[in-house]
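Notes to accompany the following structure.
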Amino acid sequence: MSKKLPDKYGKFGEFGGIFAPETLMPPLEELERKYRIISKQKNFKKELAYLLTEYAGRPTPLYLAENFSRLIGCRVYLKREDLAFTGAHKINNTLGQVLLAKKMGKSRIIAETGAGQHGVATATAAALMKMKCYIYMGETDCERQKLNVYRMRLLGSEVITVRSGSKTLKDAINEAMRDWISNFSNTHYVIGSVVGPHPYPEIVRNFQSVIGKESKRQLFKKEKRLPDYLVACVGGGSNSIGLFHPFYNNPAVKFIGVEAGGLGINTTKHSATLTKGSKGMLHGNFSYVLQDKYGQITPTYSVAAGLDYPGVGPEHSFYKETGRAEYVYATDDDALKGFHVLSETEGIIPALESAHAIGWLLKNKKRFKKGEVIIVCLSGRGDKDVTEVAHIENVF
Ligand SMILES: *Cc1c(COP(=O)(O)O)cnc(C)c1O
């Protein structure tokens, strides 16, 4: 259990690795080599710790949600990533990667974004560290997320509209890859979750592990013990792995990852990759994916844009395969219930993504016993989703 993962080939068991065109190997090799050196340097660690504290507002509170706990029947703590600067956990990763890029001598940042959350977090870090920043975004997504496009522009980034293919995230990823291959001598590609080819799943996990490390310390101070359960929503898998990973060698701590069940996992409208998917290749690594019998990636859906992804980080596939974590799902309706209940009981409007974890707990509260302690990752705040929910519920 203590074996270090990923191994030197970037594998978590059979998952992960590098499945990429030859032209992508030089930038990936450079990234891994420099990450190994820079991430160990005292200066890098000190500067990143400074930014996380003074700029992003860490540590985020570990809050005992007493009213919500009464509903569940045991003690539920919320790890308040919604209170991190820009309103979600994504800033932990973008500050880390942009600082790394700077230390690698890069002057140019690229990223791709679907709903725009990762684009905004990247543009924020790039503005702070005076890096030129280009965000690839599908034309359809640009129209759906006009406000985030404007946010990125306000932050000094250039948003490049991608008009090829389905004009959504996967086409934006293709364009970003193409850019990186041509420009890697001065460019770093910031990937937004624990996905993509090695070393990204490891790098993003390490930057997001601040969530679990803080939680462990904070809970120990309050309860003098480890939690019984960790619960987090899973899109690409970064907020969940960030919470889970520091507890990997504490086998008594159970991990529960909540995927997006959309309109139901027996429809085609969901993003429950680990629940309903099979092993396959996507975006440079081997993991669980949602695919048809020809291995073509199938379209996904969730009310929460951040969970709407047909793949999942390879470390999660490894946790599933080895039984280290359990993967479940919450439907749109479960999540909307969670959205309302947390708002009413605690005065905290959660992101629709995080509301999947809340909704799953409400539906499965019988599993938990009095005296048990649960930590839920509240990955983001719900302000971004209020208009959408009002629209769904015909409020206006
Ligand atoms: C992007 C996002 C997610 C999903 O991404 P992970 O990599 O699975 O964490 C979850 N919650 C919020 C608030 C997000 O913005």
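The values are calculated or read from the model by the stated rules, or taken from the named source; none is laboratory data. Treat the numbers as computed from the prediction; the structure is a model and nothing was measured. As a convention, Cβ positions derive from the backbone with ideal geometry for all residues, glycine included, and neighbour counts pool all protein chains shown.
The figures follow:
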read-out: Tally, over the stretch 59-92, of residues that are within 16 Å of the ligand (Cβ to nearest atom) and either touching a residue at least 60 places away in the same chain (Cβ under 8 Å) or in a helix (DSSP H, G or I) (or both); value: 15
read-out: Considering residues of the stretch 260-274 that are touching a Leu at 6+ places or on another chain (Cβ under 6 Å) and within 16 Å of the ligand (Cβ to nearest atom) only, the residue nearest to residue 334 (Cα to Cα); value: 260
read-out: Residue ID - farthest from residue 142 (Cα to Cα), chosen from residues in the stretch 97-109 that are in contact with a helix residue (DSSP H, G or I) (Cβ under 6 Å, 6 or more places away or on another chain) and buried (at least 24 other Cβ atoms within 10 Å of the Cβ); value: 98
read-out: Residue in the stretch 153-169 that is surrounded by the fewest Cβ atoms within 10 Å (Cβ to Cβ), counting only those that are modelled with pLDDT of 95 or more and either acidic (Asp, Glu) or closer than 22 Å to residue 298 by Cβ (or both); value: 158
read-out: Members of the stretch 99-113 found to be within 16 Å of the ligand (Cβ to nearest atom) and either assigned to a helix (DSSP H, G or I) or of a type outside the set (A, V, I, L, M) (or both), listed by number; value: 112, 113
read-out: Qualifying residue in the stretch 133-152 (condition: surrounded by 19 or more Cβ atoms within 10 Å (Cβ to Cβ) and over 21 Å from the mean Cα position of the chain (by Cα)); value: no
read-out: Any hit, the stretch 55-70, residues being of a type in the set (Lys, Arg), in contact with a His (Cβ under 6 Å, 6 or more places away or on another chain), farther than 20 Å from residue 345 by Cα and buried (at least 16 other Cβ atoms within 10 Å of the Cβ); value: no
read-out: Number of the condition not met by residue 172 [criteria: (1) touching a strand residue (DSSP E or B) at 6+ places or on another chain (Cβ under 7 Å); (2) within 16 Å of the ligand (Cβ to nearest atom); (3) farther than 25 Å from residue 297 by Cβ; (4) among the hydrophobic types (A, V, I, L, M, F, W, C)]; value: (3)
read-out: Number of the exception - residue 291 against (1) farther than 27 Å from residue 84 by Cα; (2) polar (S, T, N, Q); (3) in contact (Cβ under 8 Å) with a residue 24 or more places away in the chain; value: (3)
read-out: Whichever residue in the stretch 149-186 is of a type in the set (Val, Ile, Thr) and part of a helix (DSSP H, G or I) and, among such residues, is nearest to residue 27 (Cα to Cα); value: 181
read-out: Residues located in the stretch 1-49, provided they are hydroxyl-bearing (Ser, Thr, Tyr) and surrounded by 11 or more Cβ atoms within 10 Å (Cβ to Cβ); value: 23, 35, 39
read-out: Among (1) among the basic types (Lys, Arg); (2) modelled with pLDDT under 95; (3) not in a loop (DSSP other than H, G, I, E, B) - the single one residue 4 does not satisfy; value: (3)
read-out: Search result, residues across the stretch 225-284 that are of a type in the set (Val, Ile, Thr) and touching a His at 6+ places or on another chain (Cβ under 9 Å); value: 234, 241, 258, 273
read-out: Pairs with Cβ under 6 Å, 6+ apart, first in the stretch 374-396 and free of Cβ contacts under 8 Å to residues at least 12 places away in the same chain, second not small (Gly, Ala, Ser); value: 390/396
read-out: The stretch 188-247, subset over 22 Å from residue 361 (Cβ atoms), part of a helix (DSSP H, G or I) and of a type outside the set (D, E, K, R), residue farthest from the ligand (Cβ to nearest atom); value: 220
read-out: Only listed residue being among the small types (Gly, Ala, Ser) and within 12 Å of the ligand (Cβ to nearest atom), chosen from 96, 116; value: 116
read-out: Residues that are without any contact (Cβ under 8 Å) to a residue 12 or more places away in the chain and small (Gly, Ala, Ser), drawn from the stretch 336-373; value: 347
read-out: Cβ pairs under 6 Å, 6+ apart, first in the stretch 128-139 and under 17 Å from residue 115 (Cα atoms), second of a type in the set (D, E, K, R); value: 134/158; 136/112; 136/175; 138/167; 138/171; 139/163; 139/167
read-out: Subset tally (residues that are of a type in the set (Ser, Thr, Tyr) and surrounded by 24 or more Cβ atoms within 10 Å (Cβ to Cβ)) for the stretch 257-283; value: 2
